[in-house]
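This report refers to the structure that appears directly beneath it.
The values are calculated or read from the model by the stated rules, or taken from the named source; none is laboratory data. Nothing here was measured: the structure is a model prediction, and the numbers come from that model. Cβ placement follows ideal geometry from the backbone for every residue including glycine, while neighbour counts extend to all protein chains displayed.
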Amino acid sequence: MTARAPSPVSKDALLDYRLSLRLGPVHARQRLGIEREYEARVFGQDHHSFHLENWPSAPRLIRFCLKLSGLLQRGQDNSRALGVTENSFRVPELPAAFEGYRILHLSDLHVDMDELNLKAVIGQIGQLQYDLCVLTGDYRKLTWGPIDAALEGMARLREAIVGTPLAVLGNHDSIRMLPALEDMGFRLLLNENAEIERGDDSIFVAGVDDAHFFKVHNLHKAGDDIPAGAVSILLSHTPEIWREAAHAGYDLFLCGHTHGGQICLPGGIPITLDSDCPRSLARGYWRYHGMQGYTSPGCGTSVVNVRLNCPPEISLHTLTRGPR
């Protein structure tokens, strides 16, 4: 009897297996299942709820309105005029070895959205001095579909980053991107934490998977093994879990997602934030109970590559010991 050749393993089956090993079977099944169900609705035009970034005509309509108002070119120029904003966190229990520690914070890059914006990001970070780079999600332009262009952009960005960057995924990011991002040298924290050591001292950086759309964040899993009293920083794509994070005992909270509104009224007043959080948490430094937070308005753009009254930002945080 002739032996039957083994069936080739499909790419999807191999991905499922690799993600199950990396994340655990429940997390992997949940994330992949939600993605596949959502993409089936998008491609099938089964729109049960309205979401601007998933409406195919939205970019054309917004560009048309901005062009009529004479604001389109200005908005596109603004979206590429990337600045660096410096912020200082005063942390009473900060270990002495981390005095002056600098964290480069990149968020909402949407690297396949606009080539000129990506070049501006890469050019800016090459001039900066920092000890650690963290990224708080949304690397892809769309919330569904191919991932190749986003991965190509992230590979170019990775070459410009010094050291091992720590990152989380956002609501635009497919879990299918995880293996490739980690192969590039990004360290993804998906309900996990990393110990950062300097001499005999250390701090902890935890990260959660997307809490906005996929709802797969798990603060307990991310932080249960962080020693009591240790300084801890939480990376989340969205500020929407600010209450949970504060009561979980995190010292600092870094996030993005809101784009600061991206298209704002004069004075930087957001028209919409697409986030279930107070407007006081929409951009920049904030505090809640004993936790300090910072919401990045993002480096890139979503839906259209336009910004009005809300410039893009690379954030540079400095840790220093002292009262809050």
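Tabulated values for the structure
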| read-out | value |
| --- | --- |
| Within the stretch 262-294, tally of residues that are in a loop (DSSP other than H, G, I, E, B) and within 25 Å of Ser79 (Cβ to Cβ) | 12 |
| So Ile271, is it modelled with pLDDT under 90 and either buried (at least 16 other Cβ atoms within 10 Å of the Cβ) or in contact with a helix residue (DSSP H, G or I) (Cβ under 8 Å, 6 or more places away or on another chain) (or both) | yes |
| Qualifying residue in the stretch 241-259 (condition: part of a strand (DSSP E or B) and among the small types (Gly, Ala, Ser)) | no |
| Filter pass, Ser315 being in contact with a Ser or Thr (Cβ under 7 Å, 6 or more places away or on another chain), assigned to a strand (DSSP E or B) and under 23 Å from Met113 (Cβ atoms) | yes |
| Residues that are more than 17 Å from Val205 (Cα to Cα) and either of a type in the set (A, V, I, L, M) or outside the structural domain of Asp108 (by TED's automatic domain parsing) (or both), drawn from the stretch 133-165 | Leu142, Ile147, Ala149, Ala150, Leu151, Met154, Ala155, Leu157, Ala160, Ile161, Val162 |
| Subset of the stretch 163-182 (residues that are polar (S, T, N, Q) and under 11 Å from the mean Cα position of the chain (by Cα)) | Asn171 |
| Condition check for Thr238: among the hydroxyl-bearing types (Ser, Thr, Tyr) and within 27 Å of Leu19 (Cβ to Cβ) | yes |
| Flag for Val168 being closer than 12 Å to Leu106 by Cα and in the same structural domain as Leu109 (by TED's automatic domain parsing) | yes |
| Evaluation of Arg283 against (1) at pLDDT 95 or above; (2) in contact with a Gly (Cβ under 6 Å, 6 or more places away or on another chain); (3) farther than 20 Å from Leu104 by Cβ; (4) not aromatic (Phe, Trp, Tyr) (one fails), failing number | (3) |
| Helices (runs of 4 or more DSSP H) contained entirely in the stretch 1-91, each with at least 3 residues that are more than 23 Å from the chain's Cα centre (by Cα) and at pLDDT below 65 | 58-69 |
| The stretch 235-258 - residue that is within 18 Å of the chain's Cα centre (by Cα) and either modelled with pLDDT under 95 or of a type in the set (A, V, I, L, M, F, W, C) (or both) and, of those, nearest to Met291 (Cα to Cα) | Leu252 |
| Residues that are among the hydroxyl-bearing types (Ser, Thr, Tyr) and over 25 Å from Ser232 (Cβ atoms), drawn from the stretch 80-121 | none |
| Hits in the stretch 129-159 (condition: over 16 Å from the mean Cα position of the chain (by Cα), closer than 25 Å to Glu197 by Cβ and surrounded by 14 or more Cβ atoms within 10 Å (Cβ to Cβ)) | Tyr130, Asp131 |
| Residue among Thr295, Thr301 that alone is crowded, with 23+ Cβ neighbours inside 10 Å, more than 30 Å from Phe98 (Cβ to Cβ) and in contact (Cβ under 8 Å) with a residue 12 or more places away in the chain | Thr301 |
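Conditions tested, residue by residue: (1) surrounded by 20 or more Cβ atoms within 10 Å (Cβ to Cβ); (2) touching a His at 6+ places or on another chain (Cβ under 9 Å); (3) closer than 25 Å to Ala150 by Cα.
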site	(1), (2), (3)
Leu190	yes, yes, yes
Asp200	no, no, no
His212	yes, yes, yes
Lys215	no, no, yes
Asp225	no, no, no
Trp242	yes, no, no
Ala245	yes, no, no
Tyr250	yes, no, no
